[in-house]
Amino acid sequence: MSHQNPSRKRSGVVRLALASALVLGALAALPASAQMPARFYWKSLSGANAVPLIFNSISGNTNPFDPAHTPIPGATVDGTIALAGYAHTFTLFDRAAMVAVLLETGRLSSEVSEAGRTVISSARGFGDPTVEFNVNLIGPKAQKNLADVTPYQPGFSLDLIADLVVPIGEYDNGRALNLGQNRWSGRLGFPVVWQFGSWVPGRRTTLELLPAVWLFGTNDDFVGTTLETDPTFQVDAHLTRDLTSRFWASLDGVWYTGGAATINGVEGEKLNNLGVGLTLGYHVNDSLGVTFGYKSTINDTAPGDLQMDQFMVSVVYGWHSIIEGARRLASE
């Protein structure tokens, strides 16, 4: 009978426990989809790093680069968006914290039918970068070392997030649709991760919620006019479940409300739209994760309703010095 080295067995358990958290979920495109990706706010060991590459294909009647998601009646808008970023976890006053930066680039094409004529336009280049800060308020304390990792369970966790979208993307004041938005915007939210049952890889189930509000500055050079947007309230929801120790799935939902746009004093309609989706994730190894996701609005039959379909593929690479140490132990 063979006996497994205890240190090797323990390092394997630790590596498996770290694998899903280290890649920091999907790290999906916040400015492009303005939606919380499933498992994004799971906590990892302090000092972890991740770099995502994300590709989105989005179609509908709104600018996918604008988190306001203002519908454009009679428009067909297609967007291809590529994002790259960096995320780092750390400890702040004994609580888990994270800072992330996302940079986006891509292209837009649109057809707008109005008064018997069709206007076709396109744009490409860089969008506005986003910076996000996240800190845990309620839940287990930060995982500072290996001894904190294996017994960790989120239970009921509540975070505070703050996003800032910096208006330095490419912008043409002669076009209504641009990759850059020519105005500051930001988000405040309270992500919730609620654990159900065991926290053993392969058995984990969570309900995740994010109530949030997006705030928008004024674009005073919007095709020769002034554009103002009311705050947009948004609730994201995910029911996630491990299918194996490395493969998981999530049923996704989102609700948008508010966000009426005012152009030169003329106020538009408020959002009141629902979306549903499915996300599949797979951890290739301790450091590499991939996800495939699809989302679509459902109550979108009226001309002024938000219409949006999104397909996303993400590849996220994460690393930590402790993982490298565990690999060395496993090879001995």
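Couple of notes before you dig in:
- For the stretch 69-159, the strands (runs of 3 or more DSSP E) that sit wholly inside it and include 1 or more residues that are closer than 22 Å to G275 by Cβ are 75-92, 95-114, 130-138.
- Qualifying residue in the stretch 86-100 (condition: without any contact (Cβ under 8 Å) to a residue 40 or more places away in the chain, in contact with a Gly (Cβ under 9 Å, 6 or more places away or on another chain), among the hydroxyl-bearing types (S, T, Y) and surrounded by fewer than 16 Cβ atoms within 10 Å (Cβ to Cβ)): no
- Out of L179, L239, L210, one residue alone is part of a loop (DSSP other than H, G, I, E, B), surrounded by 15 or more Cβ atoms within 10 Å (Cβ to Cβ), touching a Gly at 6+ places or on another chain (Cβ under 9 Å) and not β-branched (V, I, T). It is L179.
- If you check A97, A75, A48 for being under 22 Å from L188 (Cα atoms) and among the aliphatic types (A, V, I, L, M), only one passes: A97.
Yes or no, residue by residue, for (1) out of contact with any helix residue (DSSP H, G or I) (no Cβ under 8 Å at 6 or more places or on another chain); (2) small (G, A, S):
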site	(1), (2)
V235	yes, no
L239	yes, no
L251	yes, no
A260	yes, yes
S296	yes, yes
P303	yes, no
M312	no, no
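- Per-region count, the stretch 246-287, residues closer than 29 Å to G202 by Cβ, part of a loop (DSSP other than H, G, I, E, B) and in contact (Cβ under 8 Å) with a residue 40 or more places away in the chain: 4
Just so you know, all these numbers are worked out from the coordinates, no wet-lab data involved. Note that this is a predicted model, so its numbers are computed, not measured. In this analysis, Cβ positions are derived from the backbone assuming ideal geometry, glycine residues included, and neighbour counts consider all displayed protein chains.
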